[in-house]
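Quick notes on the structure that follows.
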Amino acid sequence: MTVQKTIELPYGDGHLTIAVPEEKLLAVVEPRPLPPAADPMAELRKALASPVGAPQLREKVKGASSVAIVVEDVSRPAPSALLLDAVMEEIEAAGVLTKNIKVIVATGLHRGLTRIEMGPILGRWKGKLHIENHDAKNPDGLVSLGTTRLGTEIAVNKTFMDAEFKILTGDVEYHQFCGYGGGAKGVYPGMASADAIRMNHSRMDLPGTGPGRIDGNPVREEIDEVGRMAGVDYNLSVAMDAEHRIVAARSGDPDLSFREACTFVDKMYLVDIPDKADLVIASPGGHPKDIELYQAQKAIEEASLDVKPGGSVLVTARCPEGSGSETFEKWMDGAFDPEEIILRIKENFIMGGHKAYQIAREVQRARVYLYSELPPGRVRAWMMHPVRSMEGIDALIAQADSILVLPQATLTLTRLADE
């Protein structure tokens with residue numbers, strides 16, 4: 001009798017439950033849990049009381065005439081309300097008036113937060129602090145910083161640059177080509193011009209890029225260079241478990257505190273696998289990581305790297321907000337095959353088009369199936385295969401000889417055990 005292993009996959013705000021025969025299952029690639037902070041605010045206060053490579057925030061910000069605090073946008077799971085509250089405790093202790101403090105949402109080219117979404121981030125500071133979305137396409141809201149060593153012309157948010165004291169907040173996690181999200185990424189691309197953001201993403205295939213890489217990664221090194229060009233004064237980074245609970249927090253010097261937080265990401269999410277599989281089943285990790293295909297694509301990328309040549313990938317991503325990019329849709333709808341998109345991006349890099357390019361790469365590595373709320377016709381037009389029922393998932397499992405399951409594919413970074 002076949003013994004079935006029951007596995008829960010995050011999906012939107014809930015879960016999908018699948019059953020995989022144990023003799024087929026190579027591994028369920030789960031993070032190695034670290035204990036979450038019993039009191040998250042106490043953990044943040046502890047980090048702020050013992051900064052890395054810098055004086056305590058309340059000492060360093062004392063006397064500042066104006067302060068900018070950067071928070072992440074709705075596509076990230078960072079506990080921005082807690083981070084903001086902890087930072088504000090320090091700033092209040094320094095005697096800085098709230099009227100001189102501005103909060104900026106580092107949207108990059110993502111949509112801005114609605115007024116309703118801003119409320120929970122501000123928490124008890126709602127109505128007391130000014131908050132604004134960064135607008136990458138508004139030249140009047142940008143200030144030029146010059147050119148990076150890679151040759152990128154950098155312009156960033158004017159409100160941020162006008163502030164005497166500049167603070168970044170956010171979580172750290174693996175990023176497809178930047179190494180890790182977080183830290184100075186809140187400045188570039190988070191608060192940069194649209195042109196600079198496009199240039200940042202156009203370098204995704206440079207040698208040395210990839211998840212888990214900082215030193216020797218030209219994209220990450222440029223991000224940190226821009227942070228220094230912008231004069232970031234302070235950083236508060238958190239590492240979180242798969243349930244979005246704070247595991248560790250580090251504050252202080254923008255580079256050093258970010259790097260220390262990254263070490264906790266590796267402890268939890270750098271996971272060995274025994275071998276590649278015929279079928280890799282992956283979830284981005286639920287909301288907000290599967291809010292749209294633009295975000296969920298990161299799970300397709302990780303899964304496609306863990307599958308055998310000619311194998312299949314199944315990603316379960318709800319995508320209630322659709323593709324997330326009109327440009328992506330136009331590129332995919334107008335292409336006959338993946339190679340056409342790959343050639344096109346090399347001739348003319350466009351944001352949104354780069355997501356089409358990433359998926360075009362991935363469907364060349366594996367047959368990609370998508371279980372989602374997206375219309376089946378759209379999924380097919382985007383070179384993937386829609387799965388509309390649990391029976392469809394069961395059929396894929398039945399056809400495979402070996403299976404890997406990644407319930408947190410956006411978070412985890414796999415490597416073959418013998419490497």
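Derivation of every value follows stated rules applied to the coordinates shown; laboratory data play no part. Please read these numbers as outputs of a predicted model, since none were measured by experiment. As a convention, Cβ positions derive from the backbone with ideal geometry for all residues, glycine included, and neighbour counts pool all protein chains shown.
Using per-residue counts of other Cβ atoms within 10 Å, averaged over each peptide, order 136-142, 216-222 from highest down.
Ranking the peptides 136-142, 216-222 by packing returns 216-222, 136-142.
Return the single residue from Asn348, Asn133, Asn235 with maximal mean-square fluctuation; model: Gaussian network over the chain, springs between Cα atoms under 10 Å.
Largest GNM mean-square fluctuation: Asn348.
With just the Cα atoms defining each centre, how far is region 61-75 from region 326-394? Give it in Å.
38 Å
Using mean Cβ contacts within 10 Å as the protection proxy, how do 392-399, 380-387 order, highest first?
Output ranking for 392-399, 380-387: 380-387, 392-399.
If you count, for each residue, the other Cβ atoms within 10 Å and average over each peptide, how do 10-23, 174-187 line up from highest to lowest?
Highest mean packing first, the order is 174-187, 10-23.
Between Lys267 and Val143, what is the label-point separation in nm under the 7 Å Cα-to-beta-carbon projection?
Simple spin-label model gives 3.7 nm for this pair.
List the pairs from Lys276/Lys330; Lys158/Lys298; Lys276/Lys298; Lys5/Lys276; Lys46/Lys158; Lys166/Lys298 whose alpha-carbon separation is above 26 Å, in the order I gave them.
Lys276/Lys330; Lys158/Lys298; Lys46/Lys158; Lys166/Lys298
Mean residue ellipticity at 222 nm from the helices of the chain, using -39,500 (n - 2.57) per DSSP H segment of n ≥ 4 over the full residue count, to the nearest 500 deg cm²/dmol?
-9500 deg cm²/dmol
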